[in-house]
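Here is the structure we will look at, set down as structure tokens.
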Amino acid sequence: MENRNIQERRLKTFNGLVALVLIIAVLVLSIALFICGAVALDEGNYAGAIALVASAFLFIASLISFNGLKVLKPNEALVLSLFGKYHGTIYEAGYHFVNPFCSPIYPRNRDEEAAAKMVEASKNNKSQTITVPKKVSTKLSTFVNGNQKVNDKLGNPVEVSAIVIWKVVDATKAVINVDNYTEYLSSQTDSTIRNVARLYPYDIVSDGDDGNAEADETTLRGSAVKIANEMKEELEKRVENAGIDIIEVRLNQIAYATEIAAAMLQRQQAVAIIAARKKIVEGAVSMVEMALEKLKEDGVVDLDEERKAQMVSNLLVVLCGNKEANPVLNTGSIY
């Protein structure tokens, strides 16, 4: 808990090029002083011994000073510690000179290629040097988590995956507060997807003819943008202590799990057929009613209740049938 209270400090550095020139000058001076001291000591001048000691001190100091030269590329950060304590962080790209006794705090995020090389080297019994990054990248990065099988609000198993666009904004927190900030982001993303996805149903299957109820209900399939925004807000809170800023979260895949996909498809087809039939029946009834009213207004024919019922039945069969109707012509009297 003590590490979480560390406040990031932007380190002010000395110009690296100027420092390099001064270090080389001191190195040349130490060599010249060593030669002069050796000559003086050979001539019996004991002051040459002092010159030799001074040259040795300057030579060692110049060599140690080379360790203080640091190079940073754009969108990189370097976190430094001094004798085990946090010293400061450098964000500016360029050539810098810092306290030579400072050491970088390594971010523990070896990439997959380095890990693969390590495994391959162990198989071949060969020594392989794995480069551990000393700097933290502050570039935009994309993380795609695998499909997560979760239960929605209705208990149906669904598979959800998301694309997370993120970057490190506080390199100090990224290397001090968590052991591996990329793995930390991965685990928190999986947890966030599970927590948010279980609050909503995958879809609202309605047999009505309007979609108002479905439009008002938040679903994983129909409200992907809203769900993604909720995931972004929750994920931002979870990874804040790791110095990570979540730029965007987008749902990559939302689908029923394989074991129920076929059954849910049949259910949706059945509901669609029922809704279509309902619409057809309503239209047919409206047309029959309009036909009866038109015949009555124009005085074309005067039908009793029995004949009206027969006419309605025939019209409904024709209008609601799945196949084309084959009419039977009556050449005699309808009575």
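If only residues of region 175-200 that are in a loop (DSSP other than H, G, I, E, B) and open to solvent by less than 50 Å² (accessible area, probe 1.4 Å) are counted, the one that is nearest to T89 (Cα to Cα) is N177. Checking each residue in region 57-71 for being open to solvent by less than 10 Å² (accessible area, probe 1.4 Å) and either farther than 21 Å from A93 by Cβ or among the hydrophobic types (A, V, I, L, M, F, W, C) (or both) picks out only S62. Test Y106 against the criterion of being modelled with pLDDT under 85 and within 27 Å of the chain's Cα centre (by Cα), and give yes or no. Yes.
Tally time: how many residues in region 5-24 are touching a Gly at 6+ places or on another chain (Cβ under 6 Å) and surrounded by 13 or more Cβ atoms within 10 Å (Cβ to Cβ)? The number of residues fulfilling the criteria is 1. In this structure, does A40 turn out to be of a type in the set (G, A, S) and in contact (Cβ under 8 Å) with a residue 24 or more places away in the chain? For A40, the condition - of a type in the set (G, A, S) and in contact (Cβ under 8 Å) with a residue 24 or more places away in the chain - is not met.
Yes or no: region 71-78 includes at least one residue that is in a helix (DSSP H, G or I) and of a type outside the set (K, R). Taking every residue of region 71-78 in turn, none turns out to be in a helix (DSSP H, G or I) and of a type outside the set (K, R).
If the condition is being at pLDDT below 85, crowded, with 16+ Cβ neighbours inside 10 Å and among the small types (G, A, S), then region 25-50 contributes G37, A40, G48. The set of residues in region 228-249 being part of a helix (DSSP H, G or I), closer than 17 Å to S141 by Cα and either in contact with a strand residue (DSSP E or B) (Cβ under 6 Å, 6 or more places away or on another chain) or open to solvent by 70 Å² or more (accessible area, probe 1.4 Å) (or both) consists of K232, L235, E236, E240.
In region 217-241, the residues that are within 18 Å of T182 (Cα to Cα) form Cβ pairs under 6 Å with partners that are in a loop (DSSP other than H, G, I, E, B) and modelled with pLDDT of 80 or more, at six or more places apart or across chains, as follows: N241/N177. Scanning region 148-174 for residues that are of a type outside the set (D, E) and part of a loop (DSSP other than H, G, I, E, B) yields K153, L154, G155, N156, V169.
With respect to being at pLDDT 75 or above, over 30 Å from L78 (Cβ atoms) and not in a helix (DSSP H, G or I), A255 fits the description.
Which numbered condition in (1) at pLDDT below 85; (2) within 17 Å of the chain's Cα centre (by Cα) is the only one that D209 fails? So D209 meets the others, but not (2).
The values are calculated or read from the model by the stated rules, or taken from the named source; none is laboratory data. Computed from a predicted model, the values in this text were never measured in an experiment. No Cβ is skipped: glycine too gets one built from the backbone with ideal geometry, and neighbour counts run over all protein chains shown. Side chains included, ligands, DNA and RNA excluded: accessible areas come from the protein's heavy atoms. Shrake-Rupley method; radii C 1.70, N 1.55, O 1.52, S 1.80 Å.
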